[in-house]
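Student: This is the structure I want to talk about, given as structure tokens.
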Amino acid sequence: MTSRLSRTAFFTLLLIAVMMGANHVAARFAFNDGVSVITAVIFRSGVTAIIISLLVMRQKIRIQLAPRHKQIMPAIGLLVAIQSFCLYSAVARLPIALALLAFNTYPLWSAFWARMLYQHKAERFVLQAMPVMLLGLALALDVVGAASGLGAAAHWQQIGAGVGFAIAAAATFALAMILTQHEAIDLDGRVRTALTMGMVVLLALVFAAVSGGWSLPHTSTGWWGLGGLTVLYGTAFTLMFSLLPRLGVVGNSAIMNIEPVFALVLAWLLLGQSIAAIQVVGALIVVSTVMVLGLRRR
């Protein structure tokens, strides 16, 4: 059953959604100034891991890992590392709102992974929502290239790689969520997040060392972008795991799925990114469907 949020919890969730959307806008400023995706992942995940770890130590949370946790947490860390890289890669290539909308298909992927790995049948409501969400995504992405005026082939040549990265991010994030839900849900969320972020930054550092993908900003604008994405992401995660539980909010709320709407407005104001009216309609369909899925009574 769903429960009514307090006013403080509601506005805290809205603030987190704004910061998450702004994080991706800041990331685009950094990418436009020469910052590599892997560098952004290292900065954001490293600072977040430090903040959450300090939170764990300050609150004197005992870290007790069962054998099952020791087996599954590296897999979850790897999946989140892939998701982080893919989502920022999408943000670097697409209008930010479209990258986040494609990523917001993760509830469909969650149903798929739950069925494949644990033989859980998707609820009828989820199955009914799937075509609605996919229709909205098709409109938002302008799959036939009508809004862009380029035609389908030329349009997908422009957006194909970005959409592919966003879908890959959704699939890996959903798999990480399903594995967490079934294999590590009994591990304290703050401990789980600290371990996951630590593994993400470690994997990112190894990848950067092997690939030579480390790249810092060229100008002050890029540094502001890199600093902004780091602070916004770290602050949002700290609020999520320190303040929300005290307000009676467990896990991610559907309200935070309006992140693409905030990102759309911020990207338009700060980056001059805009999409056609029909794409906005598609975006609202996707966001509304995801919110309804999250707010449904269970």
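The values are calculated or read from the model by the stated rules, or taken from the named source; none is laboratory data. Everything numeric in this text was worked out from a predicted model, so none of it was measured. All Cβ positions, even for glycine, are placed from backbone atoms using ideal geometry, and neighbour counts span all protein chains on display.
Listed here are the residues, each with its yes/no results for (1) farther than 19 Å from LEU13 by Cα; (2) at pLDDT 85 or above.
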{"site": "LEU244", "(1), (2)": "no, no"}
{"site": "VAL261", "(1), (2)": "no, yes"}
{"site": "LEU266", "(1), (2)": "no, yes"}
{"site": "LEU271", "(1), (2)": "yes, yes"}
{"site": "VAL281", "(1), (2)": "yes, yes"}
{"site": "VAL292", "(1), (2)": "no, no"}
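Student: How about the stretch 131-147: which of its residues are crowded, with 17+ Cβ neighbours inside 10 Å, assigned to a helix (DSSP H, G or I) and out of contact with any Gly (no Cβ under 9 Å at 6 or more places or on another chain)?
Tutor: Answer for the stretch 131-147, where residues must be crowded, with 17+ Cβ neighbours inside 10 Å, assigned to a helix (DSSP H, G or I) and out of contact with any Gly (no Cβ under 9 Å at 6 or more places or on another chain): just MET133.
Residue-wise test of (1) at pLDDT 95 or above; (2) charged (D, E, K, R); (3) assigned to a helix (DSSP H, G or I); (4) within 19 Å of GLN83 (Cα to Cα).
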{"residue": "THR172", "(1), (2), (3), (4)": "yes, no, yes, yes"}
{"residue": "GLY198", "(1), (2), (3), (4)": "no, no, yes, yes"}
{"residue": "VAL206", "(1), (2), (3), (4)": "no, no, yes, yes"}
{"residue": "GLY225", "(1), (2), (3), (4)": "yes, no, yes, no"}
{"residue": "ALA236", "(1), (2), (3), (4)": "no, no, yes, yes"}
{"residue": "PHE241", "(1), (2), (3), (4)": "no, no, yes, no"}
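Student: Can you find, within the stretch 49-67, the residue that is surrounded by the most Cβ atoms within 10 Å (Cβ to Cβ) among those that are part of a helix (DSSP H, G or I) and of a type in the set (Gly, Ala, Ser)? Please lay out each step first, then the result.
Tutor: At the first step, the residues of the stretch 49-67 found to be part of a helix (DSSP H, G or I) are 49-58, 67.
Cutting the leftovers down to of a type in the set (Gly, Ala, Ser) gives us 49, 53.
Numbers: ALA49: 22, SER53: 17.
This residue is ALA49.
Student: Which of the residues spanning the stretch 24-48 are of a type outside the set (Val, Ile, Thr) and either at pLDDT below 90 or not in a helix (DSSP H, G or I) (or both)?
Tutor: Here is the first cut: in the stretch 24-48, the residues of a type outside the set (Val, Ile, Thr) are 24, 26-34, 36, 40, 43-46.
Scanning the stretch 24-48 gives ASP33, GLY34, SER36.
Student: Right, here's the next one. Can you tell me which of THR193, THR180 is crowded, with 22+ Cβ neighbours inside 10 Å, at pLDDT below 90 and closer than 18 Å to GLN83 by Cα?
Tutor: That would be THR193, the only listed residue that is crowded, with 22+ Cβ neighbours inside 10 Å, at pLDDT below 90 and closer than 18 Å to GLN83 by Cα.
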